[in-house]
Amino acid sequence: EEHVRVCSWLIMLPSQCAVLLFSFITATTVLAYETAEQPNILLIVADDYGFHDIGYHNSDIKTPVLDKLASQGVKLENYYVQPICTPTRSQLLSGRYQIHTGLQHGIIWAAQPNGIPLNDTLLPQKLKQQGYATHAVGKWHVGFYNSDYTPTRRGFDTFFGYLTGSEDYYTHNRGGGYPGWNECKHWSGVDLHGNEQVVRSENGTYSTHLFTQEVIDIISRHDVRQPLFIYLPFQAVHGPLQVPDTYLEQYMHIQNHNRRIYAGMVSAMDEGVGNITQALKQKGIMNNTVIIFSTDNGGQVSLMGSDNVVS
């Protein structure tokens, strides 16, 4: 029996329906576990991605891969979440409104002792109960001041990515502190981890490429007898605005410098999604994989890159 491939474009506006996605995934897998072959799940979350920044919304940014997936799947154009990173991600992973986890006030800063409470069961823990292999690649940002709050202690078999909210795309360095304090001048360091170990060997590798390749490697070595869950919260397209020059060539007509870089970042991410779907096909599991693509909270217009205008 083939399961339908689904790519859902989920528009992020300030409300609380991320819990519905949590409920959908867990209910679907439980039903599949009882009635048929369990589908693999690829959950991709773009960071600070604007409504008008995808091709099929008549954007000046080209996203052929996402456009094709959306045309073959289901587009959810009014999908509501929180207006900022940590509250949205905590709801997505816990299935609980942020007012019940204490994460409703804003993001978790690098030196802030906070996180999703340890007595909350997270999505990967629920999926492991259904026999899934669980992997997280990319941004965490829901607690890291204590090892017990990190991904491999919260239900993921493996983790490759960064724990804080943002960092340099190439050096993977991040400063520490609180808002209002010029944190990077006080201390900074590498925030790139393989499970619970710091990874220092990828200085100079663009994170979108790095995380894409990690997902491809996970798919390649996966034992297809076990259902697979991959959570891929890309760093893209959060600031800082950085992208290899090759992605800028098709956008030289865009006059605004920041918008041009941002467009290139989107194209790099779109290419990454295409490479991952190709890996699923080569592995022979595409037809039994549910693909969900979402953005966490819409575009960060302060960077003058993203576009949230609905036209």
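Against the numbered list (1) touching a helix residue (DSSP H, G or I) at 6+ places or on another chain (Cβ under 6 Å); (2) at pLDDT below 95, residue 183 comes up short only at (1).
One line per residue, one yes/no per condition, for (1) at pLDDT below 95; (2) buried (at least 21 other Cβ atoms within 10 Å of the Cβ); (3) in contact with a helix residue (DSSP H, G or I) (Cβ under 9 Å, 6 or more places away or on another chain); (4) among the aliphatic types (A, V, I, L, M):
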| site | (1), (2), (3), (4) |
| --- | --- |
| 106 | yes, no, yes, no |
| 127 | no, yes, yes, yes |
| 135 | no, yes, yes, no |
| 149 | no, no, no, no |
| 152 | no, no, no, no |
| 156 | no, yes, yes, no |
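Applying the criterion of being touching a helix residue (DSSP H, G or I) at 6+ places or on another chain (Cβ under 6 Å) and of a type in the set (Val, Ile, Thr) to the residues of region 108-125, the residue that is surrounded by the fewest Cβ atoms within 10 Å (Cβ to Cβ) is 116.
Mind listing whichever residues of region 228-265 are of a type in the set (Gly, Ala, Ser) and within 14 Å of residue 62 (Cα to Cα)?
Here is the first cut: in region 228-265, the ones of a type in the set (Gly, Ala, Ser) are 236, 239, 263-264.
The answer is 263, 264.
Of all residues in region 168-178, those being surrounded by fewer than 24 Cβ atoms within 10 Å (Cβ to Cβ) and touching a strand residue (DSSP E or B) at 6+ places or on another chain (Cβ under 9 Å) number 6. Is it fair to say residue 237 is assigned to a loop (DSSP other than H, G, I, E, B), within 20 Å of residue 41 (Cα to Cα) and touching a Gly at 6+ places or on another chain (Cβ under 8 Å)? Spelling it out, it is not the case that residue 237 is assigned to a loop (DSSP other than H, G, I, E, B), within 20 Å of residue 41 (Cα to Cα) and touching a Gly at 6+ places or on another chain (Cβ under 8 Å).
The residue pairs whose first member lies in region 205-227 and is surrounded by fewer than 17 Cβ atoms within 10 Å (Cβ to Cβ), whose second member is among the small types (Gly, Ala, Ser), and whose beta carbons are closer than 6 Å, counting only pairs six or more residues apart or on different chains, are 226/133.
For every residue, the table says whether it meets (1) at pLDDT 95 or above; (2) acidic (Asp, Glu).
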position	(1), (2)
216	yes, no
223	yes, yes
236	yes, no
244	yes, no
251	yes, no
265	yes, no
271	yes, yes
297	no, no
308	no, no
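Considering only residues of region 34-63 that are under 13 Å from residue 267 (Cβ atoms) and not polar (S, T, N, Q), which is surrounded by the fewest Cβ atoms within 10 Å (Cβ to Cβ)?
Pass one, region 34-63, residues under 13 Å from residue 267 (Cβ atoms): 46, 49, 53-55, 59-63.
Remaining after also requiring not polar (S, T, N, Q): 46, 49, 53-55, 60-62.
Working: 46: 28, 49: 28, 53: 26, 54: 24, 55: 18, 60: 14, 61: 24, 62: 16.
Checked region 34-63; the qualifying residue surrounded by the fewest Cβ atoms within 10 Å (Cβ to Cβ) is 60.
Within region 54-73, residues that are under 16 Å from residue 247 (Cα atoms) and touching a residue at least 12 places away in the same chain (Cβ under 8 Å) have Cβ atoms under 6 Å from residues that are open to solvent by 20 Å² or more (accessible area, probe 1.4 Å) and not in a helix (DSSP H, G or I) in these pairs: 55/62, counting only partners at least 6 apart in sequence or on another chain. Given the conditions (1) at pLDDT 95 or above; (2) open to solvent by 10 Å² or more (accessible area, probe 1.4 Å); (3) closer than 18 Å to residue 254 by Cα, report the number of the one that residue 303 does not fulfil. The failed condition is (1).
For residues in region 64-90 being assigned to a strand (DSSP E or B) and either of a type in the set (Ser, Thr, Tyr) or open to solvent by 10 Å² or more (accessible area, probe 1.4 Å) (or both), which is modelled with the lowest pLDDT? So that I can check it myself, show each step before the final result.
Initial filter on region 64-90 (assigned to a strand (DSSP E or B)): 75-81.
With the extra rule that they be either of a type in the set (Ser, Thr, Tyr) or open to solvent by 10 Å² or more (accessible area, probe 1.4 Å) (or both), the set shrinks to 75-80.
Numbers: 75: 91, 76: 87, 77: 84, 78: 80, 79: 73, 80: 78.
Once the filter is applied, the top-ranked residue is 79.
Of the residues examined, residue 254 is one that is of a type in the set (A, V, I, L, M, F, W, C), open to solvent by less than 70 Å² (accessible area, probe 1.4 Å), over 30 Å from residue 130 (Cα atoms) and in contact (Cβ under 8 Å) with a residue 60 or more places away in the chain. Is it fair to say residue 297 is open to solvent by 10 Å² or more (accessible area, probe 1.4 Å) and either on the phi > 0 side of the Ramachandran plot or in a loop (DSSP other than H, G, I, E, B) (or both)? Yes: the conditions hold for residue 297.
Among the residues that make up region 264-278, is at least one of them under 18 Å from residue 65 (Cβ atoms), touching a residue at least 40 places away in the same chain (Cβ under 8 Å) and hydroxyl-bearing (Ser, Thr, Tyr)? Scanning region 264-278 turns up at least one residue that is under 18 Å from residue 65 (Cβ atoms), touching a residue at least 40 places away in the same chain (Cβ under 8 Å) and hydroxyl-bearing (Ser, Thr, Tyr).
The values are calculated or read from the model by the stated rules, or taken from the named source; none is laboratory data. Keep in mind it's a predicted model, so treat the numbers as computed, not measured. We place every Cβ from the backbone using ideal geometry, glycine too, and count neighbours over all the protein chains shown. When the accessible area is computed, the model is the full protein with side chains, heavy atoms only, and any ligands, DNA or RNA have been set aside. Shrake-Rupley method; radii C 1.70, N 1.55, O 1.52, S 1.80 Å.
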